[in-house]
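What follows is a single structure, written as structure tokens, with notes after it.
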Amino acid sequence: SSFGLEPDCRPCSPQSRSPTMALKAASMPLGGLSAAGTGARGGGALVQPLSRSLAGSLAPPQRMWQRQQQQGTRSTWAAVGSVAAFCTAGSSSAAACKEKRPKIITVYYGDLPFWRAECVRMSLFIGGVAFEDKRDQKRDELKAEGKLAFGATPVMEVDGKMLSQTQAMAAFAGRLSGLYPGDDAWLAAKVDEAINGCTDITTTIGGTMRLPADDKVKAREALIAPEGRLTMHLGGLERLISENGHPGFVVGSSITVADLAIWRLVGWVSSGVIDGIPMDYVAKTFPQIEGLCEQVDAHPKVQEWKAKYDKFYGKK
């Protein structure tokens, strides 16, 4: 991770932090129409969208998110064959959105489900965007190849050019996959705000990682107190979800890359691997966040991703 948290980011089960998932997957709006298969290349998983003919045989999306801008221009989450893309009606066609996709995308990160990489991977997967999920290349190797501008992973390689920093990668992946409202400056800013809030939470917890064992627990207990810094940060996400007006989503009325980021962040915070932070801390303190996690977890493509990486997401 960008904050040196990997020793404390041991694989954990998201189910361990959440109560019974009460929402049915069928009630969840699909972020994309396609399913994806996998193949192996260069030690990573190559995720490919279905062909147009095969995608045409799938059931239609349950719902498409529509909204009106002040200028009267309508934007929709549009399914294009096997591709989900966020396009602006009247200004660019769905085919044009598809043509703008890069030819080769590679995501570099270790074989861990940490939120910084996972929200990028899952966004591409949900949107049916082909990418190589490279999990076996060492950080020193990437650095020697000049691929780590800021000395940290995750990073993306897009048609031979590098992109780093979580918020930038999440926004880019979200635009490609249809999980980022790129034509609406306000909604895009709210997605960025939520992702940067996740970074604040990571930084706050990361500040305790190098403390002696006994001091770690005391420091984290202070963070989760009613007036603690972690409670403040999580309270910010709670407020964003509440102000959105659509329970279960931080922006708009369907899943975005920000929801994926929050879901995985909470999976880590509530996993039980961070001594001093109870597994039920988020669930008991932040009902809006817990509702979002349940909503994301019920998404059919999220369930598909979890089944694919059962070693991280299977019940322990």
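Things to note:
- The requirement of being open to solvent by less than 20 Å² (accessible area, probe 1.4 Å) and either assigned to a loop (DSSP other than H, G, I, E, B) or modelled with pLDDT of 95 or more (or both) is satisfied by Ala188.
- Taken over the stretch 147-158, residues that are farther than 17 Å from Gly110 by Cα and open to solvent by 60 Å² or more (accessible area, probe 1.4 Å) amount to 1.
- Reported count of residues in the stretch 159-176, each being open to solvent by less than 40 Å² (accessible area, probe 1.4 Å) and more than 17 Å from Arg116 (Cβ to Cβ), is 1.
- Condition check for Val217: out of contact with any Leu (no Cβ under 6 Å at 6 or more places or on another chain) and open to solvent by 10 Å² or more (accessible area, probe 1.4 Å): yes
The values are calculated or read from the model by the stated rules, or taken from the named source; none is laboratory data. None of these values were measured; they are calculated from a predicted model. Glycine also receives a Cβ, built like all others from the backbone with ideal geometry; neighbour counts cover every protein chain displayed. In case anyone asks, the SASA skips ligands and DNA or RNA and just uses the protein heavy atoms, side chains included. Shrake-Rupley method; radii C 1.70, N 1.55, O 1.52, S 1.80 Å.
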